[in-house]
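See structure below.
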């Protein structure tokens, strides 16, 4: 075999580099500002105990918190335990949640998770992610919310709002929710981890909105990478009326 026909050694696959973040100083300032803006962050889902929160979070997939609360007020009034939920039955649950997206499948999951909690966990909502994700209809995001909200764990559940804010600001870029979660776990200072999920989700819901972020009233705008910043509508209108559209 000649030198020219010898096989070249295979190249080692390049290691994946973590996306560039804002750095510890700016990250600290961002969470400090969000904490000052909302000193007592909490979920907007209505619940009374771990079970009702678990059900509410499971129902909230592809639905708004407002819509879920409207449905669960009547549901939880008659079925706020696994035993009562099973007594109500799948059709009974379905009747109460018909206004929520994917209600048929969600009703089935609520009954199945209630049964599993009774069978495998002595009627109590489990505390670990590994156990929670064995319940029907409960994924990593739902488990993280429950662990954070009722068990006080510093978990960060990445929903559409947190995914958007993390990428738009440059705080914790990632192509998937899992990547963003891993990045947030890595960059969030320990003292801010417990509230990070709520601060980011509320900021995304009310300020850093999907279509038009309200940069003019954003408390973290000076450290955010998003450009161009959305100007204050009041200052824009002060420039005068827009020229009328020409008729075709």
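The values are calculated or read from the model by the stated rules, or taken from the named source; none is laboratory data. All figures in this text were calculated on a predicted structure; none of them were measured in a lab. Here the Cβ positions follow ideal geometry from the backbone for every residue, glycine too, while neighbour counts run over all protein chains shown.
With respect to the numbered conditions (1) assigned to a loop (DSSP other than H, G, I, E, B); (2) over 20 Å from the mean Cα position of the chain (by Cα); (3) buried (at least 20 other Cβ atoms within 10 Å of the Cβ), which one is the sole condition not fulfilled by residue 76?
Single failed check for residue 76: (1).
Can you name the residue in the stretch 45-60 that is surrounded by fewer than 20 Cβ atoms within 10 Å (Cβ to Cβ) and free of Cβ contacts under 8 Å to residues at least 60 places away in the same chain and is also nearest to residue 123 (Cα to Cα) among such residues? If you could, list the steps in order and put the result at the bottom.
First pass over the stretch 45-60, keeping only residues surrounded by fewer than 20 Cβ atoms within 10 Å (Cβ to Cβ): 45-46, 48-50.
Narrowing further to those that are free of Cβ contacts under 8 Å to residues at least 60 places away in the same chain: 45-46, 48.
Numbers: 45: 22, 46: 21, 48: 16 Å.
Within the stretch 45-60, the match that is nearest to residue 123 (Cα to Cα) is 48.
What are the residue pairs meeting all of these: first residue in the stretch 64-79, first residue outside the structural domain of residue 115 (by TED's automatic domain parsing), second residue assigned to a loop (DSSP other than H, G, I, E, B), Cβ atoms under 9 Å, and 6 or more apart or on different chains?
Pairs found: none.
Could you say whether any residue in the stretch 180-192 is closer than 30 Å to residue 80 by Cα and under 12 Å from the mean Cα position of the chain (by Cα)?
Applying the first criterion (closer than 30 Å to residue 80 by Cα) to the stretch 180-192 yields none.
No, the stretch 180-192 contains no residue that is closer than 30 Å to residue 80 by Cα and under 12 Å from the mean Cα position of the chain (by Cα).
Please enumerate the residues belonging to the stretch 79-100 that are exposed (fewer than 14 other Cβ atoms within 10 Å of the Cβ) and under 27 Å from the mean Cα position of the chain (by Cα).
Result: 98, 99.
Hey, residue 172 hits all of (1) assigned by TED's automatic domain parsing to the domain that holds residue 83; (2) buried (at least 18 other Cβ atoms within 10 Å of the Cβ) but one; which does it fall short on?
Of the numbered conditions (1) assigned by TED's automatic domain parsing to the domain that holds residue 83; (2) buried (at least 18 other Cβ atoms within 10 Å of the Cβ), the odd one out for residue 172 is (1).
Return a yes/no flag: does the stretch 12-27 have any residue that is at pLDDT 95 or above, closer than 26 Å to residue 181 by Cα and surrounded by 17 or more Cβ atoms within 10 Å (Cβ to Cβ).
yes
Could you please give the count of residues in the stretch 61-70 that are surrounded by fewer than 20 Cβ atoms within 10 Å (Cβ to Cβ) and either touching a strand residue (DSSP E or B) at 6+ places or on another chain (Cβ under 6 Å) or assigned to a helix (DSSP H, G or I) (or both)? Reasoning before the result, please.
First, the residues of the stretch 61-70 that are surrounded by fewer than 20 Cβ atoms within 10 Å (Cβ to Cβ): 61-67, 69-70.
Cutting the leftovers down to either touching a strand residue (DSSP E or B) at 6+ places or on another chain (Cβ under 6 Å) or assigned to a helix (DSSP H, G or I) (or both) gives us 65-67, 69-70.
Summing the residues that are surrounded by fewer than 20 Cβ atoms within 10 Å (Cβ to Cβ) and either touching a strand residue (DSSP E or B) at 6+ places or on another chain (Cβ under 6 Å) or assigned to a helix (DSSP H, G or I) (or both) in the stretch 61-70 gives 5.
For the stretch 185-197: of the residues being surrounded by fewer than 23 Cβ atoms within 10 Å (Cβ to Cβ) and touching a helix residue (DSSP H, G or I) at 6+ places or on another chain (Cβ under 9 Å), which is farthest from residue 43 (Cα to Cα)? Steps first, answer last, please.
Of all residues in the stretch 185-197, those surrounded by fewer than 23 Cβ atoms within 10 Å (Cβ to Cβ) come to 185-187, 189-195.
From the residues that got through so far, the ones that are touching a helix residue (DSSP H, G or I) at 6+ places or on another chain (Cβ under 9 Å) too are 185, 187, 189, 191-195.
Details: 185: 20, 187: 23, 189: 21, 191: 19, 192: 16, 193: 15, 194: 13, 195: 10 Å.
Checking each candidate, the answer is 187.
Go through the residues of the stretch 202-210 one by one and say whether even a single one is in contact (Cβ under 8 Å) with a residue 40 or more places away in the chain and not in a helix (DSSP H, G or I).
To start, the set of residues in the stretch 202-210 that are in contact (Cβ under 8 Å) with a residue 40 or more places away in the chain comprises 202-205, 208, 210.
Adding the requirement that they be not in a helix (DSSP H, G or I) leaves 208, 210.
Yes.
Among 135, 118, which is crowded, with 23+ Cβ neighbours inside 10 Å and modelled with pLDDT of 95 or more? Let's see the steps before the verdict.
Working: 118 fails: crowded, with 23+ Cβ neighbours inside 10 Å.
The match here is 135.
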